[in-house]
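The values are calculated or read from the model by the stated rules, or taken from the named source; none is laboratory data. In this text the structure is predicted, and so the values were computed from the model without any measurement. So basically every Cβ, Gly included, is an ideal-geometry build from the backbone, and we count neighbours across all protein chains shown.
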Amino acid sequence: MSATFPKIQARPDYVDEVYKMLLDAISDGTLAPGTRLTQEEIAEQMQVSRSPVIQAIRILKKDGFVQDAPGRGVLVAPLDAESIGHLYEIRGSLDALAARLAAKRHFKVDPKLISDGRRAAQGEDVKAMIDADMAFHHAIYRATGNPLLEQNAQTYWVHLRRAMGAVLQSSAQQRKSIWDEHEAIAEAIASGDSARAAELTELHTTRARENLISRLDEYFSDTRQTA
């Protein structure tokens with residue numbers, strides 16, 4: 001296992017921290033698909049007992065991020081392009097609804113979310129890029145006034161983070177275009193143009209889906225060649 005984890009600060013229950021740390025590493029590609037997870041090594045690096053590690057891995061397995069491999073223990077699960085495509089179909093509908101509802105309220109997206117996103121896109125920190133993207137969209141979910149929308153969105157975002165992490169090593173120009181689209185969506189929402197906001201959001205989601213599927217195909221091709 002190539003990932004290195006920091007020590008977790010003393011607390012009565014470490015399961016959530018261990019789970020989040022492992023999920024972040026899986027999402028940003030530090031723990032690549034097929035990586036074997038060693039409970040003892042993880043526990044030693046984080047300086048916790050094996051119990052929270054075992055529980056965290058059990059939750060990751062239930063959520064589909066890791067899987068048993070006969071004779072090899074527990075491995076990070078492979079990415080599934082078809083499943084990612086299905087998630088994006090759901091995301092497209094929910095995000096368009098969120099944009100429409102937020103526009104009815106003339107919600108103004110904090111400009112700092114966009115500037116922070118553009119800054120992250122210029123760097124090499126994949127986790128920062130994912131976090132910035134999520135922050136933008138979750139701000140819109142919260143602006144709808146419908147808490148159920150954000151709760152449902154959480155279900156697919158936890159998996160979409162993995163796909164984003166696998167493919168965000170794209171060109172700087174492509175990263176810039178994502179935030180150009182975000183800014184256009186924000187402007188439509190602020191102006192109260194719900195139809196335009198929904199249209200731009202659906203287009204943004206469709207482009208993201210097509211780009212991710214294409215890059216996942218490239219990723220799988222490169223993986224097979226180097227295996």
In region 164-179, residue surrounded by the fewest Cβ atoms within 10 Å (Cβ to Cβ) [restricted to those that are closer than 24 Å to residue 33 by Cα and either at pLDDT 80 or above or not aliphatic (A, V, I, L, M) (or both)]: 171
Complete set of residues in region 99-143 that are among the aromatic types (Phe, Trp, Tyr) and either surrounded by fewer than 20 Cβ atoms within 10 Å (Cβ to Cβ) or within 15 Å of the chain's Cα centre (by Cα) (or both): 136
Checklist (1) farther than 30 Å from residue 199 by Cα; (2) in contact (Cβ under 8 Å) with a residue 24 or more places away in the chain; (3) surrounded by 13 or more Cβ atoms within 10 Å (Cβ to Cβ) applied to residue 72, failing item: (3)
Of all residues making up region 135-157, the number that are within 15 Å of residue 88 (Cβ to Cβ) and hydrophobic (A, V, I, L, M, F, W, C): 2
Residue satisfying all of: in region 180-227; farther than 17 Å from residue 135 by Cα and touching a Gly at 6+ places or on another chain (Cβ under 8 Å); modelled with the lowest pLDDT among these: 213
Among (1) closer than 19 Å to residue 152 by Cα; (2) in contact with a helix residue (DSSP H, G or I) (Cβ under 7 Å, 6 or more places away or on another chain); (3) of a type in the set (D, E, K, R) - the single one residue 131 does not satisfy: (2)
Within region 87-117, tally of residues that are part of a helix (DSSP H, G or I) and over 13 Å from residue 200 (Cβ atoms): 17
